């Protein structure tokens, strides 16, 4: 067995580049065991293979070479464990963020596929039990153009304190029940739901209560839609106090033919 190996031999044996070994030396992470004073050729001992392998292994955890250098310089287990614990915490946070992205992707897929064309629009009404939700909303001024309250909602969403919330990209309207029965929208709020309960209160956050909702689907931005099912269902019931209309897009550019799921909170007896 040889005592020393050239930098080229070490690179081949350890599966790294010569440039990497030179960089290790430049940052004082791993110096060659011997440098020929005449030629400048670098040589490494077999014992150093162990350190190269450890560096590569720690890099697989996502530790930087600067962090690895500090670990090796400290030469004690508690320092290593502290860095590993911190990296584990970072990984768990990254996993949580990625899981949230996956969950949002699944929701957005469902958002675009929830409505099954004209068949769903013409189907009968139905009831859903919905959990408590939170809507970041802009109040609608009677008679104002819809562009104005859409702009105002974007300003609210991107304001300090609210821009960090996790939004579900779906426009929702709070409607007046009496106007709805006359095929008129008359919205009082435009908003977007957030994914979880906020840790603070805001005049722009509306709590939508848990409960049973009578629902139907309609193209409420188009002519000719009919609230017949709602009239029939609530004919012998107390007047509802909350009406939501949640948009489901069927085009990436045109919105007038979007289907809305109208959700009417059923009053408790």
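Since every read-out is calculated from the coordinates, none of them should be taken as a lab result. These numbers were taken from a predicted model, which means no experiment stands behind them. FYI the Cβ positions are ideal-geometry reconstructions off the backbone, even for glycines, and counts take in every protein chain you see.
Angle of helix 65-74 to the longest C-alpha principal axis of the chain, folded into 0 to 90 degrees and rounded to 10: 60°.
Per-residue Cβ neighbour counts within 10 Å put 215, 91 in the sequence 91, 215, beginning with the fewest. For the chain, the relative contact order comes to 16 percent (Cα pairs under 8 Å, sequence separation of at least 6). At the listed q of 0.10, 0.23 Å⁻¹, the Debye profile of segment 183-269, built from one uniform point per Cα, gives log10 I(q)/I(0) equal to -0.31, -1.28.
If you take the alpha carbon atoms of segment 4-74 and fit the smallest convex hull around them, that volume is 85 Å³ per residue. Taking the average, over residues, of other Cβ atoms within 10 Å as the packing measure, peptides 17-24, 169-176, 74-81 rank 169-176, 17-24, 74-81 from highest down.
Averaged over residues, the count of other Cβ atoms within 10 Å places the peptides 219-227, 193-201 in the sequence 219-227, 193-201, highest first.
For segment 49-208, what relative contact order do you get, as a whole percent, if you take Cα pairs closer than 8 Å and at least 6 residues apart?
Values: 131 pairs, mean separation 36.1, N = 160.
Reported relative contact order: 23 percent.
Kirkwood radius, the chain, all distinct C-alpha pairs, inverse of mean reciprocal distance: 24.0 Å. For segment 117-269, the alpha-carbon coordinates run over 44, 39, 29 Å along the three principal axes, in decreasing order. Applying 0.36 nm per residue to the separation of residue 196 and residue 241 and subtracting their alpha-carbon distance, the gain on full extension is 13.8 nm. A simple packing score, the average count of other Cβ atoms within 10 Å per residue, orders the peptides 180-186, 154-160, 243-249 as 243-249, 180-186, 154-160, with the highest score first. Fully extending the segment from residue 250 to residue 109 would add 49.6 nm, taking 0.36 nm per residue of separation and subtracting the current Cα-Cα distance. Take the Cβ atoms of residue 147 and residue 72, set R0 to 45 Å, and the FRET efficiency comes out at 0.15. With a simple spin-label model that places each label point 7 Å from the Cα along the Cα-to-Cβ direction, the separation between residue 116 and residue 51 comes to 6.7 nm. Eigenvalues of the alpha-carbon gyration tensor of segment 37-144, scaled by 5 and square-rooted, set the equivalent ellipsoid semi-axes at 59, 18, 15 angstrom, largest first.
Sequence gap at least 6, Cα distance under 8 Å: using those rules, report the relative contact order of segment 10-88 to the nearest whole percent.
Numbers: 45 pairs, mean separation 15.7, N = 79.
So the answer I get is 20 percent.
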